[in-house]
Amino acid sequence: MTISHIDHLTVFVSDLDVSMRWYSEALGFHIAYSGTLGTGLYGGFIDVGATMLNLIARPDLGPLISEQHVAFRVGDLDRVVAALGAKGVEFDQDGPEVLPEGYIAGQRYIECRDPDGIRLEFVERSESYLESHSQQFTVEVP
């Protein structure tokens, strides 16, 4: 059995309709489903490439909601910044930052916040990093 990537992840939001609309309109993500999830939960599924982002409505998010963090890999960060900026998205930094050291040296990123203040990061990595890590760190489960 092989594990090669994360299939989906869940983020809790205070207002599902507002968040679904923002992720769709501001980021251009495809809404796959919105509605009841059973077990008393209400949420939605958003397609992000081969990964799914699950938004679950929880009106009592508490103080740690803004500590949630989702990073999206992009091919051309400057193009993403221009496109999102044109839609009124405000970024936490003045422009993309470059990480100078460690195993992610050369990575470029920028962050913004969704309607609940959840930190969203857009990351551009080198092709050599992507090739070496996708092959090297695929996990084989016996």
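The values are calculated or read from the model by the stated rules, or taken from the named source; none is laboratory data. In this text, all values refer to a predicted model and were calculated from it rather than measured experimentally. Counting neighbours? That spans all protein chains shown, and the Cβs are built from the backbone with ideal geometry, glycine included.
Laid out as a table, the results:
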| read-out | value |
| --- | --- |
| Failed item, numbered, when GLY40 is tested on (1) under 18 Å from ILE6 (Cα atoms); (2) small (Gly, Ala, Ser); (3) at pLDDT below 85 | (1) |
| Per-region count, segment 37-63, residues under 17 Å from the mean Cα position of the chain (by Cα) and among the hydroxyl-bearing types (Ser, Thr, Tyr) | 1 |
| Any hit, segment 100-111, residues being among the small types (Gly, Ala, Ser), out of contact with any strand residue (DSSP E or B) (no Cβ under 7 Å at 6 or more places or on another chain) and part of a helix (DSSP H, G or I) | yes |
| Segment 26-51, subset within 16 Å of LEU16 (Cα to Cα) and in contact (Cβ under 8 Å) with a residue 40 or more places away in the chain, residue surrounded by the fewest Cβ atoms within 10 Å (Cβ to Cβ) | ALA26 |
| Verdict on GLY62 being out of contact with any Leu (no Cβ under 6 Å at 6 or more places or on another chain) and in a helix (DSSP H, G or I) | no |
| Hey, SER34 in a strand (DSSP E or B) and either closer than 19 Å to PRO115 by Cβ or acidic (Asp, Glu) (or both) or not | yes |
| SER34 being within 15 Å of the chain's Cα centre (by Cα) and either of a type outside the set (A, V, I, L, M, F, W, C) or at pLDDT 95 or above (or both) | no |
| Exclusive hit being under 19 Å from ARG125 (Cβ atoms) and either exposed (fewer than 10 other Cβ atoms within 10 Å of the Cβ) or in contact with a helix residue (DSSP H, G or I) (Cβ under 6 Å, 6 or more places away or on another chain) (or both), set VAL98, VAL70, VAL74, VAL80 | VAL74 |
| Residues located in segment 43-70, provided they are on the phi > 0 side of the Ramachandran plot and either at pLDDT 80 or above or in contact with a Ser or Thr (Cβ under 7 Å, 6 or more places away or on another chain) (or both) | GLY49 |
